[in-house]
Amino acid sequence: MKMVTAIIKHTRFEVVRRALLEAGVLGMTTTEVRGFGRQKGFKEVYRGVAYEVRFLPKVKIEVAVPDEKLQAVVGAIEESARTGEVGDGKIFVTDLGECIRIRTGERGEEAL
């Protein structure tokens, strides 16, 4: 099992969500987050005062998947989140040691 974490632009969230559902994802967790990568934020002027916005708003999507669905899920995120511009985001894949469904006590991939 793997945990796929993607940090994407807000504007691509709905497209990514649909792509994940089409890839067979049954559930996901999303969080509104702020951060920066290579784009390092931007400068803005408010009431004549310039200030720098260093942390940009993003959406974090977390999806637990069985190993056999990993490439389909990563591919779906990669294709649907890509705009070709700086700030498209990142995908992280980590091993998932255990998963337990609280309601039934199922463990492992059956709990996904």
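Please treat every number below as a calculation from the coordinates, not as lab data. For clarity, every value in this text was computed on a predicted model and none was experimentally measured. Cβ coordinates were reconstructed from backbone atoms using ideal geometry, including for glycine residues, and neighbour counts include every protein chain displayed.
Would you kindly calculate the translational diffusion coefficient of the stretch 60-112, applying Stokes-Einstein with the Kirkwood radius from alpha carbon pairs, for 20 °C and a viscosity of 1.002 mPa s, and quote it in µm² s⁻¹ without decimals?
Values: Rh = 12.9 Å.
Here the translational diffusion coefficient equals 166 µm²/s.
On C-alpha positions alone, give me the angle between the axis of helix 13-22 and the longest principal axis of the chain, in degrees, nearest 10.
So the helix axis and the longest Cα principal axis differ by about 20 degrees.
Does a label point 7 Å from the Cα of residue 67, set along Cα-to-beta-carbon, have any residues of the stretch 1-39 with amide nitrogen under 19 Å, and which are they?
Residues 1-5 fall inside that zone.
For an R0 of 30 angstrom, estimate the FRET efficiency from the Cβ-Cβ distance between residue 86 and residue 106 and round to the nearest 0.05. Spell out each step's value before the answer.
Numbers: r = 42 Å, r/R0 = 1.41.
Rounded to the nearest 0.05, the efficiency is 0.10.
If one computes P(r) from the Cα atoms of the chain, what percent of pairs lie at distances over 21 Å? All intermediate terms of the calculation are to be shown ahead of the outcome.
Working: 2738 of 6216 pairs.
I get 44 percent for the Cα pairs in the chain exceeding 21 Å.
For residue 36, what residues show an amide H to amide H distance below 5 Å, using hydrogens built from the backbone and excluding near sequence neighbours?
Result for residue 36 returns 56.
Taking the Cβ-Cβ separation of residue 52 and residue 21 as r and a Förster radius of 35 Å, what is the calculated FRET efficiency to the nearest 0.05? Please report the intermediate quantities before stating the final value.
Details: r = 38 Å, r/R0 = 1.07.
After rounding to 0.05, the efficiency reads 0.40.
Find the relative contact order for the chain and round it to a whole percent, using C-alpha pairs within less than 8 Å whose residues are 6+ positions apart.
After rounding, I find 42 percent.
Once both axes come from the Cα atoms, what is the angle between helix 70-81 and the longest principal axis of the chain, in degrees from 0 to 90, rounded to 10?
20 degrees
Which ³J(HN,Hα) values, rounded to whole Hz and listed in residue order, are derived for the stretch 94-109 from phi using the Karplus coefficients 6.51, -1.76 and 1.60 in 6.51 cos²θ - 1.76 cosθ + 1.60 with θ = phi - 60°, glycine and proline given as x?
10, 5, 10, x, 7, 9, 10, 7, 4, 4, 10, x, 4, 10, x, 4
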